[in-house]
Amino acid sequence: MKTKVITLDNKAAGEITLSEDVFAAPVRKDILARMVNWQLAKRRAGTHKMKGRSEVSGTTAKQFRQKGTGRARRGSGKVSQFRSGGRAFGPTPRSHEHKLPKKLRKMAMRSALSSKQADGELIILNQAVLTSPKTKELSAKLDKLGWTSVLVVSGTEIDDNFALAARNVPNLDVLPSEGANVYDILRHQTLVLTRDAVETLEGRLK
């Protein structure tokens, strides 16, 4: 599957052959959903905490006599029914991570790349390199290309000038090929891969 390659100046830079196993695989939305949930669960801090009955300060003296008042039996002021009482079955710090097989993770990555290719939102860039770290110059190039929400995946290393210029550009993220992930690919409208990134991803996903 041949695809055109362009430069940052929107000029032709030849063609590249994409592997159909990686960029023309069946798009499994169910697998994509499982992968996104897995990624977001790993990002959760899990620091939510509420004090229980044994942790709040309060009296344990009996509130009123046991019989004759017509009220419920209460032997502590720290129960959850009272104001400032402890929370019953409240959240406690824990990890939200769960396991996802490696085969499914690879399948989700292939589905994400294939969906971008099928929708015409995949662009192959010759190289993501700038001569100077000027945000204004990079913004002008992006405007000419018509990219508004874009994820640029470079090779194993990111060009320093490109990374510095891209820091202040809204809706533009730059990742090395090792950091390419399903969540970031799906939340951007346009996916831009360099030649080096294509080789690395194909070697990882075949």
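The values are calculated or read from the model by the stated rules, or taken from the named source; none is laboratory data. It should be emphasised that the depicted structure is a prediction, and the values quoted were computed from it without experimental measurement. So basically every Cβ, Gly included, is an ideal-geometry build from the backbone, and we count neighbours across all protein chains shown.
Observations on the model:
- Segment 55-70, subset loosely packed, with under 10 Cβ neighbours inside 10 Å and under 50 Å from the mean Cα position of the chain (by Cα), residue nearest to P91 (Cα to Cα): S57
- A13 being modelled with pLDDT under 95, out of contact with any Asp or Glu (no Cβ under 8 Å at 6 or more places or on another chain) and over 30 Å from G86 (Cα atoms): yes
- Residue match in segment 71-79 (condition: free of Cβ contacts under 8 Å to residues at least 24 places away in the same chain, on the phi > 0 side of the Ramachandran plot and over 28 Å from the mean Cα position of the chain (by Cα)): no
- Residues of segment 22-47 that turn out to be touching a residue at least 12 places away in the same chain (Cβ under 8 Å) and in a loop (DSSP other than H, G, I, E, B), as a count: 8
Table: residues versus (1) touching a Lys or Arg at 6+ places or on another chain (Cβ under 8 Å); (2) more than 30 Å from T190 (Cβ to Cβ); (3) outside any strand (DSSP E or B); (4) in the same structural domain as D159 (by TED's automatic domain parsing).
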residue: T69; (1), (2), (3), (4): no, yes, yes, no
residue: A72; (1), (2), (3), (4): no, yes, yes, no
residue: S80; (1), (2), (3), (4): yes, yes, yes, no
residue: G86; (1), (2), (3), (4): yes, yes, yes, no
residue: A112; (1), (2), (3), (4): no, no, yes, yes
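- As a summary of the residue check, D143 satisfies the conditions (1) over 24 Å from P26 (Cβ atoms); (2) acidic (D, E); (3) modelled with pLDDT of 95 or more except for the one numbered (3).
- Cβ-Cβ contacts under 7 Å between residues 6 or more apart (or on different chains), taken from a first residue in segment 6-21 that is within 25 Å of A112 (Cβ to Cβ) to a second residue that is hydroxyl-bearing (S, T, Y), are listed as A13/T7; E15/T3; I16/T3; L18/T3.
- For L32, the requirement of being among the aliphatic types (A, V, I, L, M), surrounded by fewer than 13 Cβ atoms within 10 Å (Cβ to Cβ) and closer than 24 Å to M109 by Cα is not met.
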